[in-house]
Amino acid sequence: MLRYDIPHKRFGKQSQLVFFTGAGISAESGLSTFRELDGYWSKYDPMKLASPEGFKADPELVLEWYAARRKKAVEAEPNLGHMAITHFQKLFSNSVVITQNVDGLHARAGNSQILELHGNIHQQKCFKCGAETKSNIMGRSNLSYCECGGLHRPAVVWFGESLPVSTLSEAFSAARQCDILIAVGTSSQVYPAAQLPFEAQQSGAYVIEINPEATPFSANADLSLREPAGKALPKLYEEFYAALS
């Protein structure tokens with residue numbers, strides 16, 4: 001039995017599907033959002049922990065903070081929301097995951113075609129020349145250097161930095177070309193990424209929002225589900241699977 005009033009006849013297994021995810025989906029795996037600093041780290045200004053200026057002033061402190069965050073990310077497990085996306089991607093072969101998260105949980109859940117708008121906390125790049133390395137820096141908090149002499153830093157986007165142009169361009173292209181966009185656990189307040197659901201809808205896509213709380217996009221969504229991802233996405237997958245089988 002179909003739960004939602006979705007125009008399933010518009011879609012087939014060749015339809016293009018985009019997932020746009022934010023901190024809410026990772027919170028269900030026990031990862032607090034960046035601004036929910038707790039314990040030892042609550043005494044620090046986030047700007048000192050996640051900005052170029054903060055890194056210049058005290059690189060050891062910043063690396064220690066990111067080592068702690070990596071440890072939490074590694075200890076966390078992908079949740080039912082992440083796993084449902086994997087099932088969706090088997091049903092819709094033409095699909096992309098656009099995420100604002102840096103924790104790597106999408107990949108660990110088996111998701112594919114992932115565009116990481118804010119980078120990846122498990123990778124590093126040079127603070128001086130920008131050269132990226134695929135080496136995993138899990139748990140490391142000591143200083144290391146690039147061949148050019150610059151310090152390695154986490155390969156994530158900090159306050160005051162722009163999102164990577166090529167990744168952002170791919171994300172907007174995917175949003176404009178998709179048939180369905182599912183926004184999951186994102187506040188829809190941080191631009192330019194928050195524009196993605198609007199771009200998809202203006203291009204003719206059916207847009208579904210999954211978030212326990214209302215967002216600035218909620219009134220525009222074709223379907224807005226006030227549930228956590230781990231509950232809503234499996235049910236949504238079952239409905240699409242039933243309709244397309």
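The values are calculated or read from the model by the stated rules, or taken from the named source; none is laboratory data. Given the structure is predicted, the values throughout are model-derived calculations rather than measurements. Note: ideal-geometry Cβ built from the backbone for every residue, glycine included; neighbour counts use all protein chains shown.
The table that follows gives values for the structure above.
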{"quantity": "Residue that is farthest from Q14 (Cα to Cα) [pool: residues in the stretch 159-185 that are touching a Leu at 6+ places or on another chain (Cβ under 9 Å) and assigned to a loop (DSSP other than H, G, I, E, B)]", "calculated": "S162"}
{"quantity": "All positions within the stretch 85-122 that are hydroxyl-bearing (S, T, Y) and in contact with a Phe, Trp or Tyr (Cβ under 7 Å, 6 or more places away or on another chain)", "calculated": "S95"}
{"quantity": "Sole exception among (1) assigned to a loop (DSSP other than H, G, I, E, B); (2) within 19 Å of F92 (Cα to Cα); (3) touching a Ser or Thr at 6+ places or on another chain (Cβ under 7 Å) for G204, by number", "calculated": "(3)"}
{"quantity": "Some residue of the stretch 228-245 being at pLDDT below 95, more than 20 Å from V96 (Cα to Cα) and in a loop (DSSP other than H, G, I, E, B)", "calculated": "yes"}
{"quantity": "Among residues of the stretch 213-227, those that are assigned to a helix (DSSP H, G or I) and either over 21 Å from R10 (Cβ atoms) or aromatic (F, W, Y) (or both), counted", "calculated": "2"}
